[in-house]
Structures are given as C-alpha cells and as structure tokens.
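Beneath this line is the structure, given in structure tokens, with notes to follow.
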C-alpha cells in the first residue's frame, strides 16, 4: 500500500459525530414539526384529524434525509494516506500530518450492520488509528474493503515492529 485516497467521515474526539447526529435530529425534527404545525393550523377544520395522522407519519421521513445530508456535509472529508517509508502521511482536507510508524500504538475496527445469528453485509466500518499524540477516527459506508485492507496493512506494520523489538533483545 503506497497511497490511499478516499472520502471518509473523520473525527478526532470520541462521540462527537454521535452528538452531532443528536443535535441535527433535534434541529431538523423541530423545524419540520414547526412547518407541519403551521400547515395544520391553516388547513380547514374538517381536514385536521386526517392531516394530524399524516403529519406524524411524514415527520420522520421528511427530516431523516435532511439529517443525513447535513451530517455528510459536516463530517465527510477527502482523506489521502501515503506510506513514505518509515512514516505515514495522513492528509485530511488540506492539512497533512506525518507520523512515524513507530508512533502507531493501536488499530481498532468496528463494523455496523453485522449480526451474530445470520450473515449480513457490513453497512458501515469505523477505523480508529491511535498514534502517540493523535487519534484518527475514519468512518465509511462505501469503501469498506479499502479500509479493511488498510487496517490489515497497519496491523502487519505493528506486528513487524514487535518482531524486530523481540529479536533485538
């Protein structure tokens, strides 16, 4: 693996993306609810019982795409990862930062959409790279195989470093 360029959801702090979803849900559910309520008030009295049921059913379906769209705008960034010998360069947006492979402490992967009882496709993959002074949380729905290959590549680098450390003792 020499170079990997993907559009991923990136965050550096645990739980920030989850909190942003909650805030976006509250904002868009309130806005859509306010809009539907004003439509309800201006409708004829005979339509109001039917409209109230329709509005409760339509409310989440109208606001869910808005939440997803704004979530992607907030967190989706172009990420380029390059192996430059003894270092790894990670470019998120226009900021590039180099880390030594020796500073890579741990690589974690979590998948969403899998079931214990039956085979289901992986819907989302979250890769966490923990360096000495920095943590990258990379998430994707589309590039699952590419991130899985990168995870194996990083874990092999960690294994090789540990083998070299044992041999030198």
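Quick note: the coordinates plus some simple rules give every number you see, no bench work behind them. From a predicted model like this one, the values you see are computed outputs, not experimental measurements.
How much length is gained if the chain between residue 3 and residue 167 is pulled fully straight, taking 0.36 nm per residue apart and subtracting their Cα-Cα distance, in nm to one decimal? Can you show the working numbers first?
Details: separation 164, 0.36 × 164 = 59.04 nm, distance 2.98 nm.
So the extension gain works out to 56.1 nm.
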With Cα springs under 10 Å, the Gaussian network model of the chain assigns the largest mean-square fluctuation among 70, 43, 156 to 43
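Could you state the per residue volume, in Å³, of the convex hull enclosing the Cα atoms of the chain?
On the way: hull volume 24.6 nm³, N = 169.
For the chain, the hull spanned by Cα atoms encloses 146 Å³ per residue.
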Measuring from the longest principal axis of the C-alpha atoms of the chain, the long axis of helix 144-168 (C-alpha) lies at a number of degrees, nearest 10, equal to 30
Taking Cα atoms only, helix 16-42 is inclined relative to the longest principal axis of the chain by an angle, in degrees rounded to 10, of 10
Mean-square fluctuation maximum in Gaussian network of the chain, Cα pairs under 10 Å, restricted to 48, 155, 87, hits 48
Region 13-78 -> Rg/Rh from Cα coords, Kirkwood Rh, value 1.14
If one builds a Gaussian network model of the chain from Cα atoms under 10 Å apart, the most fluctuating residue listed among 25, 127, 51 is 51
Rounded to the nearest 10, the angle in degrees between the Cα long axis of helix 48-75 and the longest principal axis of the Cα atoms of the chain comes to 20
